[in-house]
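Single-structure report; data block below.
The values are calculated or read from the model by the stated rules, or taken from the named source; none is laboratory data. Just so we're clear, the structure is a prediction, and the values are computed from it rather than from any experiment. FYI the Cβ positions are ideal-geometry reconstructions off the backbone, even for glycines, and counts take in every protein chain you see. Note: accessible area is taken over every heavy atom of the protein model, side chains too, but ligands, DNA and RNA are not part of it. Shrake-Rupley method; radii C 1.70, N 1.55, O 1.52, S 1.80 Å.
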Amino acid sequence: MDPARRKLLLGAGAAAGAAAALGACAPSGEGGPAGAGDGRRFSWKMVTSWPQNFPGLGVAARKLAERITATSGGRLSVRVFGGGELVPPFEVFDAVSRGTAEIGHSAAYYWKGKHEAAPFFCSVPFGLNAQEMNGWLWHGGGLELWRELYARFDLVPFPAGNTGVQMAGWFNREITNLADLRGLKMRIPGLGGEVMAKLGVVPVNLPGAEIFTALQSGAIDATEWVGPYNDLAFGLHRVARYCYFPGWQEPGPTLECMIHKPAWDSLPEDLKALVAACCQSINDDMLADYTAQNHRALVALRDEHKVEFRRLPDQVLAALRETSEALLVEIAGRDPFARRVYDAFDAYRREVRAWHAMSEVAFYQARG
Ligand code: CA
């Protein structure tokens, strides 16, 4: 068995053990629950790409830290730093890779400069939705590939959140055809930005916390961020008139928890199991949070703030899709590991699309 697969299987077994440990509650003085470790205590710093406690993203990071601290009875205590508090939002990867912090919460598509294949573990344009990402990562071989890639950087990754389908973004001009996109300076990270660049947009990558000011000052003309829940929190409706959907660029981005490999290796097995289980619980919890909050925020944006919601024209979506598919093939051709990831991802996407045409899509259409 190859090492990545072996490690993954160990992690899965450990997660089941942690689920049992979460329910275990032995009185003190009786030796504690089985596998309670060797009594060592750990204190970790968590760096994130989000403002401290920012709805959805920052809250998930905080909850993850609190769950690990609480369920370990304080044996592993995790302190959260918002983006820029200990390191800048886009230096989370390097900080955890170096061990400046033991743990981080971010999004793999920010690290496409580290490796071409990184965005596949978060979101690629016209890729997978949240449910499909979970299927690929946990039961379709995706997480094994992700662990293989991050091992090069001394990192151990876990899926730890998903926003669900995002919105295409905020504009101050109507988008009626491709020509309306040309020349726009737009905040859009990951491969979505590369696709936009091929269609004449000037893509900019900014941390979330800088978007409002950039749009207000005219440093950028348009932006995508997440969806109603998060966009309302940043007040993007105050600096842009139109909000477009669907979020072709991020159909179900997986957020990541990454751990410095030597820190991970230093943990006793029961704490490893507990961290794995906490990540998986946050992965579910964040999607539930977004699902519950997005529609409430949508009503507020539409009815109170009079935002004009528009669907991107079919012609524009078709051009985005064609350009996206060509970009993914181009990336696969540039690097052998990226080729492996693309092939695995694309095969899974084809299969799951056939199933979801008869299940999710057919149901949504039938429900109306
Ligand atoms: Ca986004």
Check your understanding: Quick one: length gained pulling residue 173 to residue 241 fully straight, 0.36 nm per residue minus the C-alpha distance?
Key -> 23.7 nm
Revision key, fill the gap. With bins of 20 Å, the percent of all Cα-Cα pairs of the chain per bin from 0 is 29, 57, 14, 0
Study note, to complete from the structure: Percent relative contact order for the chain, counting Cα pairs under 8 Å at least six residues apart, stands at 24 percent
Point to revise | For a label point 7 Å along the Cα-to-beta-carbon line of residue 266, residues of region 86-109 with backbone N under 17 Å | key: 95-104
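Using helices alone, I'd like the mean residue ellipticity at 222 nm for the chain: each DSSP H run of four-plus residues gives -39500 (n - 2.57), total over residue count, nearest 500.
When only DSSP H runs of four or more count, the value is -15000 deg cm²/dmol.
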**Study point:** Probe 1.4 Å, protein heavy atoms only - accessible area per residue of the chain in square angstrom
**Key:** 42 Å²
Exercise for review: Report ³J(HN,Hα) in whole Hz for each residue of region 297-311, in order, from the Karplus equation J = 6.51 cos²θ - 1.76 cosθ + 1.60 where θ = phi - 60°; Gly and Pro get x.
Suggested key: 5, 4, 4, 4, 5, 6, 8, 8, 9, 6, 5, 9, 8, 9, 8
Practice item. Report, to the nearest whole %, how much of the accessible area of the chain belongs to carbon and sulfur atoms, 1.4 Å probe, protein only. Key: 54 percent
Study note, to complete from the structure: Between the modelled labels at residue 43 and residue 360 (7 Å from Cα along Cα→Cβ) the distance in nm is 4.4 nm
Revision key, fill the gap. So, with points 7 Å from each Cα along the Cβ direction, the residue 346-residue 209 label distance in nm works out to 4.0 nm
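Students often get this wrong, so check it: of 45/261; 112/185; 114/261; 114/198; 45/272; 63/185, which have C-alpha atoms separated by over 23 Å?
From 45/261; 112/185; 114/261; 114/198; 45/272; 63/185, over 23 Å: 63/185.
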Revision key, fill the gap. Dividing the mean separation of Cα pairs under 8 Å (6+ apart) by the residue count of region 191-262 yields a relative contact order in percent of 27 percent
**Study point:** residue 310 versus residue 326: modelled label distance in nm, points set 7 Å from Cα along the beta carbon direction
**Key:** 2.5 nm
Review point. Once the other residues with Cβ under 12 Å from the Cβ of residue 352 are scored (Lys, Arg +1; Asp, Glu -1), what is the net sum?
Key: -1
